[in-house]
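Undergrad: First the structure, which I've put down as C-alpha cells, then a few questions once you've had a look.
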Amino acid sequence: MPLPLAELLSPALLDRLFARIDARTDEMVDLARALVRMPTINPPGDAYTPCAELIGNRLRSRGFIVEYRRGEGTQGDSDRYPRTNVIARVEGRGRGPCVHFNGHIDVVAPGHGWTVDPFAGAVKDGRLYGRGTCDMKGGLAAAIVATEAIVDEHIPFHGAIEISGTVDEETGGFGGVAYLARQGLFSKPRVDHVIIPEPLQVDRVCLGHRGVWWAEVEMRGRIGHGSMPFLGLSAIRGMGDFLGLVERELYPKLDARQTRMPVEPPGARHSTLNWNSIHGGLDEGYEGVPSPLVADSCRLVLDRRFLIEENLNEVKAEVIELLERVKRQRAGLGYTIKDIVVFHPTMAEAEAPVVRALDESIARVLGRPATHIASPGTYDQKHVARIGHLHDCVAYGPGRLELAHQPDEYVDIAEMVASAKVMAAAALRLLAA
Ligand SMILES: [Zn+2]
C-alpha cells in the first residue's frame, strides 16, 4: 500500500532523505565530473553514445529500466555522430503520475580563455569547473543522485520517476527532446510533470521562455562596374535603407513592448531584435585587391525574440512592411526572406503543480521563498509544450546562467546538493499528490 501523503512527506522522512543526499556529495561531484569528461561538443555531436551509456549503465545497475533512442535521420545524425538519447525509469509501489527529469548532455565548444582544462572537471574552492558543469551536467547529476536517494531510502512513492539525458539542445533539440516528444515520451499518460535542471539558480523556478524567429534576408540588386555605380543597383545600399528604417521605426516600438513574463534579466522583458550577421558584395575570402563591383547581393541573419503577447505573423509582417518600402523606393531592387528557425514562447502557469511543488521544496530546503522567472532564450521546454502538449513543465537547477557557454564555467557544489534536495522533495510532493 502506498503511504498516505502526510507520511510520505513527513519532516522525519525528508530529513533522512536530505541526510542521504548530503552524504553523497562526493558521489554527485564524481558523476558530474565523469559527464564533463565526455566531450559532448555540439556541433558536431561528439561522444553522445558513451555519455548516454554512462548514465544508462549507472541507472540500470540501480534497478532502473533503461532505454536508448537514437534521433535517426534528425539534423546532424550519422553513424559517426549518432544522436543517442537515454531514458531511465523507476516504478514506485502504487499507481500514480510520472515525474520526469530531463537534462541535455550536449555542450558548446570550449572556446578560448580557459585557465583550467575544460574537460578535466577540476574542483577548486567548492566549485566544479569545466565545459558543461553549469549548463547542464551539474544539474543532471543532481537530478540523478536525488532520484537514486529516493530509491535507496525505499520510499514507497506512487507512480514513477524518469530521467532522460538528451542531445542537441544547443542546436534546437531536434534529435533530442523534440524527437522523443514526437514518440510520445513527453506526453500523458506516460509523463505528467517535467523538471529540466538548466542552470537557472537554486532558488528560482523558470516558468518558460520567449519565442524565437531567426530569418535570413537577402537584398538583390544588379551587378555593375565600381567606377560607374549608377549603372548597377547596390544591394548594400538597399540593405542600408532597411537597417535605417528598422533603427528609426521598429526599434522604438520593440523597446516599448513589455511582457508579463518575469524574464531575467529585465532588459529582456521587451521584444528584442539582433542582427546576427551581415554580408554584401565580394566574398569575404578574397585575397589581394578586390574587383570593382557593385554588390548585387547583401544577406543578413536576424534574430528576433518575441513575447508571449505577440503574434508571430504580426512579428514577421512588421519586418516585411519595411522591406516592401525599401523595394518601392529603389526601382529594380528585390528581396527574399526565409525562416531559419521558429520557436514559440511557452510558459507554465505560476499555479501549476510542478511549480507549487518546487516552490514548497525551495522554501523548505533553503528557508526562503522561491522566485519565478522566465528565460530570455529558449531551451527544450518548447518541445515538451508544443509537441508533447504537456504544460506542467519548468526549468529548475543549480548554477548561474551567466556562466553558461563562458570560459572557466563552473557550478557551485553546495548549490548542486541543495538543488538535489529540492528536486527530491518536489518529486515526492508530486508523487504523493
Ligand atoms: Zn542548457
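Undergrad: Looking at region 275-312, which of its residues are within 30 Å of L207 (Cα to Cα) and free of Cβ contacts under 8 Å to residues at least 40 places away in the same chain?
TA: Hits for region 275-312 are W275, N311.
Quick grid of which residues meet (1) touching an Asp or Glu at 6+ places or on another chain (Cβ under 9 Å); (2) in contact (Cβ under 8 Å) with a residue 12 or more places away in the chain:
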{"position": "A23", "(1), (2)": "no, no"}
{"position": "D26", "(1), (2)": "no, no"}
{"position": "Y48", "(1), (2)": "yes, yes"}
{"position": "V90", "(1), (2)": "yes, yes"}
{"position": "A109", "(1), (2)": "no, yes"}
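Undergrad: Considering only region 184-205, how many residues are closer than 14 Å to V422 by Cα and over 17 Å from the mean Cα position of the chain (by Cα)?
TA: 1
Undergrad: Right, next: Out of M38, M28, report the one residue that is assigned by TED's automatic domain parsing to the domain that holds A424 and assigned to a loop (DSSP other than H, G, I, E, B).
TA: Step by step, each of M38, M28 is checked, and only M38 is assigned by TED's automatic domain parsing to the domain that holds A424 and assigned to a loop (DSSP other than H, G, I, E, B).
Undergrad: Run down E360, E402 and say which single residue is surrounded by fewer than 23 Cβ atoms within 10 Å (Cβ to Cβ), in a helix (DSSP H, G or I) and within 16 Å of the ligand (Cβ to nearest atom).
TA: The unique qualifying residue is E402.
Undergrad: Now a separate question. Return the only residue of E148, E169, E153, E162 being charged (D, E, K, R) and within 16 Å of the ligand (Cβ to nearest atom).
TA: So the residue among E148, E169, E153, E162 that is charged (D, E, K, R) and within 16 Å of the ligand (Cβ to nearest atom) is E169.
Undergrad: Which pairs do you get when a residue that is over 25 Å from G367 (Cβ atoms) and more than 14 Å from the ligand (Cβ to nearest atom), found in region 182-208, comes within reach of a residue that is part of a loop (DSSP other than H, G, I, E, B) and aromatic (F, W, Y), reach meaning Cβ atoms under 8 angstrom, with the pair 6+ apart or on two chains?
TA: V194/F186
Undergrad: Against the conditions (1) outside the structural domain of F242 (by TED's automatic domain parsing); (2) touching a residue at least 24 places away in the same chain (Cβ under 8 Å); (3) outside any helix (DSSP H, G or I), where does K421 fall short? Just the number, please.
TA: Unmet for K421, out of (1) outside the structural domain of F242 (by TED's automatic domain parsing); (2) touching a residue at least 24 places away in the same chain (Cβ under 8 Å); (3) outside any helix (DSSP H, G or I): (3).
Undergrad: For R248, all conditions in the list (1) free of Cβ contacts under 8 Å to residues at least 60 places away in the same chain; (2) of a type in the set (D, E, K, R); (3) surrounded by 15 or more Cβ atoms within 10 Å (Cβ to Cβ) hold save one; what is the number of the exception?
TA: Here R248 clears every test but (3).
Undergrad: If a residue counts only when it is over 26 Å from H405 (Cα atoms) and assigned by TED's automatic domain parsing to the domain that holds V202, which strands (runs of 3 or more DSSP E) contained entirely in region 74-185 have at least 2 such residues?
TA: 84-91, 94-104, 158-166
Undergrad: On the basis of being in a helix (DSSP H, G or I) and either more than 16 Å from the ligand (Cβ to nearest atom) or not β-branched (V, I, T) (or both), does A374 make the cut?
TA: So A374 fails the test.
Undergrad: Take region 71-89 and flag every residue that is basic (K, R) and surrounded by fewer than 18 Cβ atoms within 10 Å (Cβ to Cβ).
TA: Answer for region 71-89, where residues must be basic (K, R) and surrounded by fewer than 18 Cβ atoms within 10 Å (Cβ to Cβ): just R80.
Every residue, every condition in (1) over 27 Å from P376 (Cα atoms); (2) of a type in the set (A, V, I, L, M), yes or no:
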position	(1), (2)
G224	yes, no
I236	yes, yes
M239	yes, yes
T259	no, no
P266	no, no
N276	no, no
L282	yes, yes
G288	yes, no
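Undergrad: Can we say G208 is part of a strand (DSSP E or B) and under 16 Å from the mean Cα position of the chain (by Cα)?
TA: Yes; evaluated as a whole, the condition is true for this residue.
Undergrad: What number of residues in region 101-119 are away from the ligand (no atom under 14 Å from the Cβ) and in contact with a Lys or Arg (Cβ under 7 Å, 6 or more places away or on another chain)?
TA: 3
Undergrad: If I go through region 363-387 residue by residue, how many of them are surrounded by 23 or more Cβ atoms within 10 Å (Cβ to Cβ) and basic (K, R)?
TA: The total comes to 1.
Undergrad: Restricting the search to region 101-116, which residues are β-branched (V, I, T) and within 30 Å of V354 (Cβ to Cβ)?
TA: I105, V107, V108
Undergrad: Let me ask something else. If I filter region 338-362 down to residues being touching a Lys or Arg at 6+ places or on another chain (Cβ under 8 Å) and of a type in the set (V, I, T), which single residue comes out as nearest to V217 (Cα to Cα)?
TA: In this case the residue turns out to be T346.
The values are calculated or read from the model by the stated rules, or taken from the named source; none is laboratory data. These numbers come from a predicted model, not from an experiment. Quick reminder, even Gly has a Cβ in these numbers, built from the backbone with ideal geometry, and neighbours come from all protein chains shown.
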